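Participant: The structure follows.
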Amino acid sequence: MITVVCHCRIAQLSVPTLPTEVTECNCSICRRLGARWAYYSPTEVKLPEPSATRPYVWGDRMLSFHRCRSCGVVTHWQSLDGTRDRMAINARLIDELDWSKLRIRQFDGAATWAYLDDEV
């Protein structure tokens with residue numbers, strides 16, 4: 001298992017494998033967070049203790065963004081509707097990543113809801 005940890009190390013998650021690609025999104029919250037998201041099935045992720053993070057939900061209430069209660073670093077987001085077999089962890093919190101070997105995809109969450117690198 002790969003450890004995903006916030007700055008103060010209180011909020012720790014585990015994922016089964018290192019990501020091979022991550023997504024940078026330009027929606028109103030992701031561009032402010034500066035996170036690079038790696039996607040996993042919720043069944044694959046060991047979440048931190050519930051008391052370690054604080055959720056943030058807004059707008060259409062589809063996602064819950066979690067941050068460490070102590071240092072404030074954003075650790076992950078989860079779907080609130082329960083129909084998605086996908087969640088995201090902030091890959092910037094994985095110390096073992098070799099960023100030169102990862103594909104970094106640009107997602108236009110601000111307007112088109114499409115990956116910009118898919119455009120011709």
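Participant: Give the residues of segment 101-120 that are among the small types (Gly, Ala, Ser) and either touching a Leu at 6+ places or on another chain (Cβ under 7 Å) or not in a strand (DSSP E or B) (or both), sorted by residue number.
Facilitator: As a first pass, look at segment 101-120 and keep what is among the small types (Gly, Ala, Ser): 109-111, 114.
Gly109, Ala110, Ala111, listed by residue number.
Participant: Would a scan of segment 9-25 turn up a residue that is surrounded by fewer than 16 Cβ atoms within 10 Å (Cβ to Cβ), in a loop (DSSP other than H, G, I, E, B) and β-branched (Val, Ile, Thr)? Before you say what the answer is, go through the steps one by one.
Facilitator: Looking only at segment 9-25, we keep the residues that are surrounded by fewer than 16 Cβ atoms within 10 Å (Cβ to Cβ), and these are 9, 14, 16-18, 20-21.
The next check asks that each one be in a loop (DSSP other than H, G, I, E, B); those that pass are 9, 16-18, 20.
From the residues that got through so far, the ones that are β-branched (Val, Ile, Thr) too are 17, 20.
Yes, because at least one residue in segment 9-25 is surrounded by fewer than 16 Cβ atoms within 10 Å (Cβ to Cβ), in a loop (DSSP other than H, G, I, E, B) and β-branched (Val, Ile, Thr).
Participant: Which of the strands (runs of 3 or more DSSP E) found entirely inside segment 41-100 contain at least 1 residues meeting this: charged (D, E, K, R)?
Facilitator: On the way: elements: 53-56, 63-68, 74-79, 87-90.
In segment 41-100, 53-56, 63-68 are the strands (runs of 3 or more DSSP E) which contain 1 or more residues that are charged (D, E, K, R).
Participant: Here's a follow-up. Taking into account only those residues within segment 63-114 that are surrounded by 14 or more Cβ atoms within 10 Å (Cβ to Cβ) and among the hydroxyl-bearing types (Ser, Thr, Tyr), which is nearest to the chain's Cα centre (by Cα)?
Facilitator: The qualifying residue nearest to the chain's Cα centre (by Cα) is Thr75.
Participant: Which one of Ser70, Ser41 is of a type outside the set (A, V, I, L, M) and more than 19 Å from Val5 (Cβ to Cβ)?
Facilitator: Ser41
Participant: Could you check segment 68-101 and list, in sequence order, the residues that are under 20 Å from Arg9 (Cβ atoms) and charged (D, E, K, R)?
Facilitator: Of everything in segment 68-101, those that are under 20 Å from Arg9 (Cβ atoms) and charged (D, E, K, R) turn out to be Arg69, Arg92, Asp95, Glu96.
Participant: With respect to Asp108, is the statement that it is farther than 24 Å from Val5 by Cα and touching a strand residue (DSSP E or B) at 6+ places or on another chain (Cβ under 6 Å) true?
Facilitator: Values: farther than 24 Å from Val5 by Cα: yes; touching a strand residue (DSSP E or B) at 6+ places or on another chain (Cβ under 6 Å): yes.
Judged against the criteria, Asp108 is a match.
Participant: Which one is nearest to Arg105 (Cα to Cα) among residues in segment 31-62 that are of a type in the set (S, T, N, Q) and loosely packed, with under 15 Cβ neighbours inside 10 Å? Please lay out each step first, then the result.
Facilitator: Just the residues of segment 31-62 that are of a type in the set (S, T, N, Q), to begin with: 41, 43, 51, 53.
Imposing the further condition that a residue be loosely packed, with under 15 Cβ neighbours inside 10 Å reduces the set to 41, 43, 51.
On the way: Ser41: 19, Thr43: 24, Ser51: 32 Å.
Among those that are of a type in the set (S, T, N, Q) and loosely packed, with under 15 Cβ neighbours inside 10 Å, it is Ser41.
We did not get these values from a lab; they are worked out from the coordinates using the rules stated. Remember, predicted model here, so these are calculated numbers, not experimental data. We place every Cβ from the backbone using ideal geometry, glycine too, and count neighbours over all the protein chains shown.
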